[in-house]
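Presented below is the structure to which this report refers.
The values are calculated or read from the model by the stated rules, or taken from the named source; none is laboratory data. Here the structure is a predicted model, which means the values were calculated and not measured. Neighbour counts are summed over all protein chains in view; Cβ atoms, including those assigned to glycine, are modelled from backbone coordinates with ideal geometry.
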Amino acid sequence: MKVEILAHHREAGQTLVLRRRGEHYEVILGNVVLLSSAALETEHAFGALAGRLAPTVASPQVLVGGLGFGATLAGALDATAAGARVMVAEKLAAIPALLRAHRPGPHADGLLDPRAELVVDDVAAVMDGHPGSFDAILLDVDNGPEWASFRGNAALYREA
């Protein structure tokens, strides 16, 4: 299978690489596959939960933690009303830059939707800065508490 390096970015003392392996895209942080476009259907379905979490709210306010390849954002936009606002908190500035420049996958245009707002910040900081503001919060930041992309993300899985 042909592997093509599409971009390199240096951020937070580490190198992010966008590569294409066959028909799929991957973002590598250091030596770890941080994102893959191989299973975007599950991320889109996860985003669609926003419509079920706030079904009676005419203008739901949704927070998505993690942009990735935009599938969770797309699912949230698809499932919520026209008056919705979907804020995406992405920790790494290089991720939206890669998405805009290289359009990896079918959901790359979600940030163009006028209901979408991108904040380059840690999702925990965004939640702390907007207490009680969101009708639904979708955290698509890691593979779970046992495998966190960033050590600080483990705090998102504490009960408090």
Just checking, does the range 68-77 include any residue being modelled with pLDDT of 90 or more, more than 22 Å from residue 126 (Cβ to Cβ) and of a type in the set (A, V, I, L, M, F, W, C)?
no
Given (1) out of contact with any His (no Cβ under 7 Å at 6 or more places or on another chain); (2) of a type outside the set (Lys, Arg); (3) without any contact (Cβ under 8 Å) to a residue 40 or more places away in the chain, index of the condition residue 32 fails:
(3)
Filter result (assigned to a loop (DSSP other than H, G, I, E, B) and either surrounded by fewer than 24 Cβ atoms within 10 Å (Cβ to Cβ) or in contact with a His (Cβ under 9 Å, 6 or more places away or on another chain) (or both)) within the range 75-90
81, 82, 83, 84
From the list 58, 48, which residue is in a helix (DSSP H, G or I) and closer than 26 Å to residue 133 by Cα?
48
With the checklist (1) at pLDDT 90 or above; (2) part of a loop (DSSP other than H, G, I, E, B); (3) in contact with a Phe, Trp or Tyr (Cβ under 9 Å, 6 or more places away or on another chain) in hand, flag the one item residue 145 doesn't pass.
(1)
Considering each of 115, 20 in turn, give the residue that is charged (D, E, K, R), more than 29 Å from residue 131 (Cβ to Cβ) and in contact with a strand residue (DSSP E or B) (Cβ under 7 Å, 6 or more places away or on another chain).
20
Could you grab me the full set of residues in the range 17-67 that are among the hydroxyl-bearing types (Ser, Thr, Tyr) and either in contact with a Pro (Cβ under 8 Å, 6 or more places away or on another chain) or surrounded by 14 or more Cβ atoms within 10 Å (Cβ to Cβ) (or both)?
25, 36, 37
